[in-house]
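For reference, the structure discussed in these notes is given below.
The values are calculated or read from the model by the stated rules, or taken from the named source; none is laboratory data. On a predicted model such as this, the values are computed, not experimentally measured, just so you know. Note: ideal-geometry Cβ built from the backbone for every residue, glycine included; neighbour counts use all protein chains shown.
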Amino acid sequence: MSTAETPIPHARAAAIEIRAIAEAWAVFRDSGAWDEFGALWHEGAWITTTWFQGSHLDFIEAGRRAWADGARVNHFLGGHTSAVNGARAVAQTKMRIEQRIRAHGVEVDVVCTGRFYDFLERRDGRWGIVRRQPIYEKDRLDVVDPSASITLDERLLGSLPMGYRHLGYVQTLADLRVLDGLPGLRGAAVDHLYTSGRRWLAGTEAAVPRPLFRPLGPE
């Protein structure tokens, strides 16, 4: 049998498909290709971000509205790894979120660095996302015009979690309800996420876990 005809081992083929899903997620999301974006998920999928938690269908609708309103958000990806066990997988992808937005009348760029942590499953012959949970490691805010300056509300900034403090700041100014306690580089939240991933991969959890995070500030 020639090299071209040699079947790709299951785990390697799965890893290739899973990596392609991670890359397509960023491209379709940032270009507003919502139908193609929706095809990356499985029915009943769940996602949590700084400003959203719920089904992938509701997330897509929220993304459509934000896109129509002119939101400018980009996702850039780096290193990737996945672990596969039968029809289940867990993947991590280094990522950077960039958002250009006005804060206190000044145009700024917010950059947040972290990882996408994905729970995936193979159904009907294809892999798809069943849960996506970003891990927020660090962020910063820069003014776009070097001659401009901005003064932040230190009380508001200090009330936000360290890993997504500046991203949450501008989202709060935009009247979004930012969630508290999301996984960061270290701590109980990310440790719990890793435990959930191991259980999902081992098949000891029948369904993908869907934790609920409380919004910051008064209800």
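For this structure, a couple of remarks:
- When residues in the stretch 86-110 are screened for being over 20 Å from T48 (Cβ atoms) and either in a strand (DSSP E or B) or touching a residue at least 24 places away in the same chain (Cβ under 8 Å) (or both), 11 of them pass.
- Checking A188 against (1) closer than 19 Å to T49 by Cβ; (2) modelled with pLDDT of 95 or more; (3) among the aliphatic types (A, V, I, L, M), the condition it does not meet: (1)
- Selection from the stretch 29-85 of residues that are hydroxyl-bearing (S, T, Y) and either crowded, with 17+ Cβ neighbours inside 10 Å or assigned to a helix (DSSP H, G or I) (or both): S31, T48, T49, T50, S82
- Qualifying residue in the stretch 207-216 (condition: touching a His at 6+ places or on another chain (Cβ under 9 Å), within 16 Å of K138 (Cα to Cα), of a type outside the set (G, A, S) and in contact (Cβ under 8 Å) with a residue 24 or more places away in the chain): no
- Residue, surrounded by the fewest Cβ atoms within 10 Å (Cβ to Cβ), within the stretch 86-105, restricted to residues that are more than 27 Å from W127 (Cα to Cα), touching a strand residue (DSSP E or B) at 6+ places or on another chain (Cβ under 6 Å) and not polar (S, T, N, Q): R100
- Breaking point among (1) among the small types (G, A, S); (2) touching a residue at least 24 places away in the same chain (Cβ under 8 Å); (3) assigned to a strand (DSSP E or B); (4) closer than 24 Å to D142 by Cβ, for A26: (3)
- Among residues that are part of a helix (DSSP H, G or I), in contact with a helix residue (DSSP H, G or I) (Cβ under 7 Å, 6 or more places away or on another chain) and over 17 Å from D109 (Cα atoms), L156 is included.
- Residue in the stretch 129-140 that is under 21 Å from T50 (Cα atoms) and in contact with a Pro (Cβ under 6 Å, 6 or more places away or on another chain) present: yes
- Of all residues in the stretch 146-186, those that are over 21 Å from the mean Cα position of the chain (by Cα) and small (G, A, S) total 5.
- Scanning the stretch 113-153 for residues that are assigned to a loop (DSSP other than H, G, I, E, B), touching a strand residue (DSSP E or B) at 6+ places or on another chain (Cβ under 8 Å) and among the β-branched types (V, I, T) yields V144, I150.
- Scanning the stretch 111-133 for residues that are free of Cβ contacts under 8 Å to residues at least 60 places away in the same chain and among the aliphatic types (A, V, I, L, M) returns a single hit, V111.
- So I129, is it under 25 Å from R88 (Cβ atoms), out of contact with any Ser or Thr (no Cβ under 8 Å at 6 or more places or on another chain) and β-branched (V, I, T): yes
- Filtered residues of the stretch 148-191 (kept if among the hydroxyl-bearing types (S, T, Y) and exposed (fewer than 15 other Cβ atoms within 10 Å of the Cβ)): S149, T151
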